[in-house]
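Notes follow the structure.
Nothing in this text is a laboratory measurement; each read-out follows from the coordinates by a stated rule. Note that the coordinates shown come from a computational prediction; the quantities given were computed from them, not determined experimentally. All Cβ positions, glycine included, derive from the backbone under ideal geometry; neighbour counts span all protein chains shown.
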Amino acid sequence: MDVYDVILAIKNHPDLQVRQKLCIGAVTVCIDPMHSFISHRMPFPVLLNQCAQGWVNSILFTSSTSINNSALDDLQKLIRSVNSDVSFFLADKGEITRSMDIDAVLSETAFMEKSKVRARHLLYPGW
């Protein structure tokens, strides 16, 4: 299941009362840079689709977040090529410690920003 399917399932919940109370604030994807490539810096299939512009607000890199990590650098460049306004956060061992990072991940409005909505409509017409 990909990000699109999960968001679609939330937005189209079969129970009207539940659907009216649900709101997607921000979408965050967690990625382990050390396990993101098949070989020769070729990312796993659909990895970049999971990070598409308009669908993902932030990405947490969860391991091997050292400064001199070529896999992390390569992955950030690849993701930036498909989503120019995504926020990157280094979450060593999955932990976020800066309050600004936590606020971004827990944003209540980031997903519905006009630029994000426009990007979703361009990627998936009729969305």
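Structural remarks
- Percent of beta bridges antiparallel (DSSP, the stretch 24-115, rounded to nearest 5): 20 percent
- Solvent-free Debye scattering, log10 I(q)/I(0), computed from the Cα coordinates of the chain at q = 0.09, 0.21 Å⁻¹: -0.28, -1.29
- Each of Leu60, Asn12, Cys23 was placed along the dipole of the chain (beta-carbon charges, centred on the mean Cα), and the one lying farthest toward the positive end is Asn12.
- Mean Cα-pair separation over length for the stretch 30-127, i.e. relative contact order, pairs under 8 Å, 6 or more apart, %: 32 percent
- Its Cα gyration tensor gives the stretch 1-73 an equivalent ellipsoid, and the semi-axes of that ellipsoid, as √(5λ) in whole Å with the largest first, are 31, 13, 8.
- Across all C-alpha atoms in the stretch 1-43, the radius of gyration and Dmax reach 15.7, 49 Å.
- Calculated mean residue ellipticity, 222 nm, the chain: -10000 deg cm²/dmol, from DSSP H runs (n ≥ 4) at -39500 (n - 2.57) each, averaged per residue and rounded to 500.
- Added length on full extension, which subtracts the Cα-Cα distance from 0.36 nm per residue, Arg98 to Gln20: 24.8 nm
- Cα-based reach from Lys11 at 24 Å (exclusive), listing lysines while leaving out same-chain residues under 8 positions away: Lys21, Lys114, Lys116
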